[in-house]
Amino acid sequence: MYKPSHGDNIINTQFDQFAAPLKEINELSVKNFETVADLNLKAAEENVKIGIEQVKNAAGVSDAESWKNYLASQAEVTQGLNDRMVENAKTVVELGNAYAAEMQRIFKDSFAVK
């Protein structure tokens, strides 16, 4: 039966030291990907709902007055979409900055002279 030697323990320790930051990077990357994917899914769902609502509103146009009201409402819809797009862009930038900062910390901790 094989008995681990002192050399095996050293190799395992070295491997653990090598693998730990890779595991941390992988977990961070997966978390970041999930967050961005969730943000994209929510944005897509909102856009689909807005699109369907706009088709319904357009289908309800029956005369000049309703056409005028429909066109006036488009400015509000466009502004709302623009505002959400700006907020989503800010969120993505914040996520990217946090991801970069955390990656820098991992690398700094991993390669620090001890």
Inset, instruction - Kindly list the number of the only condition in (1) touching a residue at least 12 places away in the same chain (Cβ under 8 Å); (2) within 30 Å of PHE18 (Cα to Cα) that fails for ILE50. - result: (2)
Inset, instruction - Given the conditions (1) at pLDDT 95 or above; (2) within 30 Å of ASN26 (Cα to Cα); (3) of a type in the set (S, T, N, Q), report the number of the one that SER110 does not fulfil. - result: (1)
Inset, instruction - Would you be able to say whether some residue in the stretch 10-26 is in contact with a Phe, Trp or Tyr (Cβ under 9 Å, 6 or more places away or on another chain) and within 30 Å of LYS108 (Cβ to Cβ)? - result: yes
Inset, instruction - Return the total of residues in the stretch 22-42 being closer than 13 Å to THR91 by Cβ and in contact (Cβ under 8 Å) with a residue 40 or more places away in the chain. - result: 4
Inset, instruction - Residue by residue through the stretch 47-96, note down the ones that are surrounded by 13 or more Cβ atoms within 10 Å (Cβ to Cβ) and outside any helix (DSSP H, G or I). - result: VAL61
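Would you mind stating whether ILE25 is surrounded by 11 or more Cβ atoms within 10 Å (Cβ to Cβ) and either within 18 Å of ALA98 (Cα to Cα) or aromatic (Phe, Trp, Tyr) (or both)?
When the stated conditions are applied, ILE25 passes them.
The values are calculated or read from the model by the stated rules, or taken from the named source; none is laboratory data. Every value quoted in this text rests on a predicted model; they were computed, and no experiment measured them. Cβ atoms come from the backbone with ideal geometry, glycine included; neighbour counts cover every protein chain shown.
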